[in-house]
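What follows is one structure encoded as structure tokens, with my remarks underneath.
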Amino acid sequence: MATMTSSETEKIEGGRAKSFRLPPALISYLQAAPLALILGAFLLLPILMITVVSFWDYDFAQMYPDFLTMNYAETLGSWVTWKTYLNTLKFAFLVWAITLFVGFWVAYFLAFHIRTTAMQMVLFLVCTVPFLTSNIIRMISWIPVLGRNGLVNSTLISSGIISEPIEWLLYSDFAVVLAMVHLYTLFMVTPIFNTLMRIDRSLVEAARDAGATSWQTLTNVIIPLAKPGMAIGTIFVVTLVMADFSTVQVMSGGQSASVALMMKNQMSLLQYPAAAANAVVLLVLVLMMVAGILRIVDIRKEL
């Protein structure tokens, strides 16, 4: 019997290997299948269930499967609901503007004024230390600072600047915005800092060599290149503020409202279909805002 040479053996083995090779398209689907299953089970399915429940009927005791538009009519046809949405958008805008301003300058200082990477990481970790505690604890810690007999009023009265305590420091929209800025500024600092660290320093040096001032370098080079990080931080902050109810409830003393707080109150009264309708409307509103941001800024280079 004639023996096969090594080259013939390799050809046969190569042919067998090719016969068992999966199509590239199928391999791509198999690679994406685990993530698709996770997103479908924990994101798309809950949203679908909420949407279905939003069309159900209900009373003080239970829900009844149905297909009614009553919940949406009550949500979109009530001036109180529109006022609550406007109040929520006001909080989102104020918190976004303040966190963007503070977050950019903190990230800019860490990226361009701290020379060593080790010190940058140390200072960044210092910024994250308050976030190792609970949101509730950090939020409640403002009460003894802003209260009628708190640290701020006591200091101002003892120094003779004011004669009586300032009432609007606590249990007001000011307190809500201040607490939210404290809670969510890091979500703006982190993506902007990550974007600034990716900027090629030779671009900054080239702008300076061309005669640009520090302000011109900032506005014409650094800020345009930092827009993706700003967009990501904006998405984080806006979505967190729109879904926050505990901060509004505690820091306003029940004197202000938000959409999330309204849904929380509806669920406490077992009005789940009405709360689901508000959740769907809020989701659509947030998705429209995110889509608008993505149309303005391309963040794919940061992902």
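Quick note: the coordinates plus some simple rules give every number you see, no bench work behind them. Keep in mind that what you see is a predicted model, and the values were worked out from it rather than measured. Cβ atoms come from the backbone with ideal geometry, glycine included; neighbour counts cover every protein chain shown.
A compact table of results
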quantity	calculated
Computed lengthening from Leu294 to Thr116, 0.36 nm per intervening residue step minus Cα-Cα distance	60.7 nm
Nearest-0.05 FRET efficiency for Asp209 and Thr69, computed from C-beta distance (R0 51 Å)	0.20
Residue with peak Gaussian network fluctuation, the chain [Cα springs, cutoff 10 Å], from Val280, Val189, Val145	Val145
Among [x] 30, 48, 21, 1; [y] 23, 44, 24, 7, 2, 0; [z] 35, 58, 7, the entry derived from the coordinates for P(r) over Cα pairs in 20 Å bins from 0, in percent	[y]
Extension reserve of the Glu164-Arg201 stretch, reckoned as 0.36 nm per residue once the Cα distance is removed	8.1 nm
Estimated [θ] at 222 nm from DSSP helical runs (n ≥ 4, -39500 (n - 2.57)) normalised by residues in the chain, nearest 500	-21000 deg cm²/dmol
Charge dipole (the chain, unit charges on Cβ, about Cα centre) - positive-most of Thr155, Ala36, Pro191	Pro191
Segment 79-302: Lys pairs at Cα distance under 24 angstrom, eight or more positions apart or on different chains	4
The chain - charge dipole about Cα centre, Lys and Arg +1 at Cβ, Asp and Glu -1, debye rounded to 20	680 debye
Over segment 140-241: Rg over Rh, Cα atoms, Kirkwood Rh	1.21
Part-to-part distance (alpha-carbon centres) for segment 266-302 and segment 165-185, which is given in Å	24 Å
Loop-located chymotrypsin sites (Phe, Trp or Tyr not before Pro) in segment 53-107 whose Cβ has at most 14 other Cβ within 10 Å (DSSP)	Phe60, Phe67
Residue among Asn220, Ala257, Val237 farthest towards the positive dipole end of the chain, charges placed on Cβ	Asn220
